[in-house]
Amino acid sequence: MESHISPEYVSSLLDEVKQLKEQVSVYKKEQGKVEHYITEHKLLASELIEQQEAVDEAAIVAMTNAKGIITYVNDKFCEISQYSRDELLGQNHSLLNSGTHPKSMWTEMYKTASAGEPWHQQVCNRAKDGSLYWVDTTIIGYKSEQGKVERYIAIRADITEQKQLALELRDQKIAFDKTAIVATTDAKGAITYVNEKFCEISQYSRDELLGQNHSLLNSGTHPKSMWTEMYKTVSAGDTWHQQVCNRAKDGSLYWVDTTIIGYKNEQGKIDRYIGIRSDITIQKRLELDLLDLVDEQTKDLQAAKEFAEKAQADAEAANHAKSDFLANMSHELRTPMHSILSFAKFGTKQLAKVPLEEKGIEKLVRFLANITESGQRLMGLLNNLLDLAKLEAGKMDYEFKQQDLQLSINRILTEFTTKLEEKSIQLRVESTSRNSMAYYDYDKIAQVLANLISNAIKFTAESSEIKVLIEDTDEDQLMLSVYDQGIGIPDGELNSIFDQFIQSSKTDTGAGGTGLGLAICKEIINAHSGTIWAENNANKGAVVKFILQKQPPQSEKGCS
């Protein structure tokens, strides 16, 4: 049976085939896109896996849901927290809270992360065994298609070692700042930092110091060369150490034991200096006081040494004077005694002659005169010794009263008329005093004057002059001076001639004298509350002066 296919049917079949071909072509294109997409997705997934592995290897990672429940932790999280994954999943991060941070920090963290913004902070957590560890933490909130945060990812880095080091450095700095005076400057010496102790000891505020130079504290105690040496040392990168005296704001001085170190930058140039100081004011004051004490003690020792040397010299001089005194006493005693004994013996022989001739009587008279003179000389010596003993023992009797010194002098000088005439010496008495009344014992002052006039006559050349001068002092006293024109006194002996048994080297000729006269004069004048001393006359010879009081002491006035 023959079939009949119409052209229209064939045409429709061809159209269907054509459409099928087009559909097959489109399918093949879409299949290629899918295969390409699947390939890219696999590559992306592979990269993400690699990135996650890298992150897991380097960071401490955790994820939580919107309520903060842990949904994922990596191995490093388990390792540092010491909790297993099973112990962590389903828990809240409060499990790790160390209590180190305030609640406000966690409030701020939730506010930031829930807004989809990264939150970053250094956090101290507590591990399972109770130990603390620090993590540098970044938390990011991820939002759903509806715009709500549906999970959080926290990426942390272990900074425990760095944090402990930082805390140790902080503690060291706190301890350092409490014990040391610290300042830093830039390369030009401008102050960039000072701690509280620097402000405290300098009395300047931090604002007053920053930007200033340390010359603000310069006390002027140290030479410029010290600061030049300091700059030379620290600018070379070496350490400079010295004790420095600074001046505080109120002008007071304080001492600091100072160490300055220069620090170089990467280019090898000094870019800052650090000065570390400690207060040594008390120690320095004690040291200076000790030095002063040592200096004083050294001076005292030197003075003691000089005193000992002088005492030794005085002892030797006293011993020498004693020897001289004994020799002089021997001479002074033996000479008149020999005269007395010899002339007495000669007189006895003369009296034994019978009949006694007129010539023999003349001899007897001369012998008796020599005996009398020698006896008087011996009596004078004994009287001096007795007077000196009484004066030193304070047993000398005085009869003080107010009387005219010039009248007393005139009476005393009459005893020396013969001696003055024998040497043709002129004696003048002058007075510039308005009133020559004084308070003294006549006999004792007569003894002083007699001794001074005798010495003046003894050492003044013939046909010369002796002057006695009376004058007022500024303190209601009378001063009497005896000027001679003799041989003078060496300057080094002006004081010693008033010591017992001492004679001037110019007059110590072995011709007589015991060195007691001026010593007795000194004791008498001291008893009159006066002073006696010797000077060399500008023209020639010497002058001996003494002072007497015009009025009796107040105690005696009250008893009168």
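A few notes on this one:
- Any hit, the range 280-296, residues being surrounded by 12 or more Cβ atoms within 10 Å (Cβ to Cβ) and over 11 Å from the mean Cα position of the chain (by Cα): no
- Test: residue in the range 283-293 that is closer than 25 Å to residue 176 by Cβ and not aliphatic (A, V, I, L, M): yes
- Scope the range 235-277; condition surrounded by fewer than 17 Cβ atoms within 10 Å (Cβ to Cβ), part of a strand (DSSP E or B) and polar (S, T, N, Q); matching residues: 242, 243, 259
- Restricting attention to the range 411-444 and to residues that are out of contact with any strand residue (DSSP E or B) (no Cβ under 7 Å at 6 or more places or on another chain) and within 15 Å of residue 469 (Cα to Cα), the residue that is surrounded by the fewest Cβ atoms within 10 Å (Cβ to Cβ) turns out to be 435.
- Of the strands (runs of 3 or more DSSP E) lying entirely inside the range 146-234, those containing at least 1 residues that are hydrophobic (A, V, I, L, M, F, W, C) and in contact with a Phe, Trp or Tyr (Cβ under 8 Å, 6 or more places away or on another chain) are 149-158, 181-186.
- Selection from the range 426-475 of residues that are of a type outside the set (A, V, I, L, M, F, W, C), closer than 14 Å to residue 546 by Cα and outside any loop (DSSP other than H, G, I, E, B): 439, 440, 444, 447, 451, 471, 472
- Residue 75 satisfies every condition listed in (1) of a type in the set (D, E, K, R); (2) out of contact with any strand residue (DSSP E or B) (no Cβ under 9 Å at 6 or more places or on another chain); (3) surrounded by 14 or more Cβ atoms within 10 Å (Cβ to Cβ) except (3).
- So residue 531, is it modelled with pLDDT of 85 or more and surrounded by 21 or more Cβ atoms within 10 Å (Cβ to Cβ): no
- Every condition in (1) surrounded by 12 or more Cβ atoms within 10 Å (Cβ to Cβ); (2) closer than 15 Å to residue 153 by Cα holds for residue 81 except the one numbered (2).
- Of the criteria (1) more than 20 Å from residue 69 (Cβ to Cβ); (2) outside any strand (DSSP E or B), which one residue 116 fails: (1)
- Subset of the range 93-116 (residues that are of a type in the set (S, T, N, Q) and surrounded by 13 or more Cβ atoms within 10 Å (Cβ to Cβ)): 97, 98, 112, 114
- Unmet requirement for residue 509, which otherwise passes all of (1) assigned to a loop (DSSP other than H, G, I, E, B); (2) at pLDDT 85 or above: (2)
- Residues being assigned to a loop (DSSP other than H, G, I, E, B), of a type in the set (A, V, I, L, M, F, W, C) and surrounded by fewer than 22 Cβ atoms within 10 Å (Cβ to Cβ) - total across the range 476-493: 1
- Search result, residues across the range 220-258 that are of a type in the set (Ser, Thr, Tyr) and either under 21 Å from residue 179 (Cα atoms) or touching a Cys at 6+ places or on another chain (Cβ under 6 Å) (or both): 221, 239, 254, 258
The values are calculated or read from the model by the stated rules, or taken from the named source; none is laboratory data. Predicted model only: the values in this text are computed from it and were never measured. Methodologically, a virtual Cβ is constructed for each residue, glycine included, from the backbone with ideal geometry; neighbour enumeration extends over all protein chains shown.
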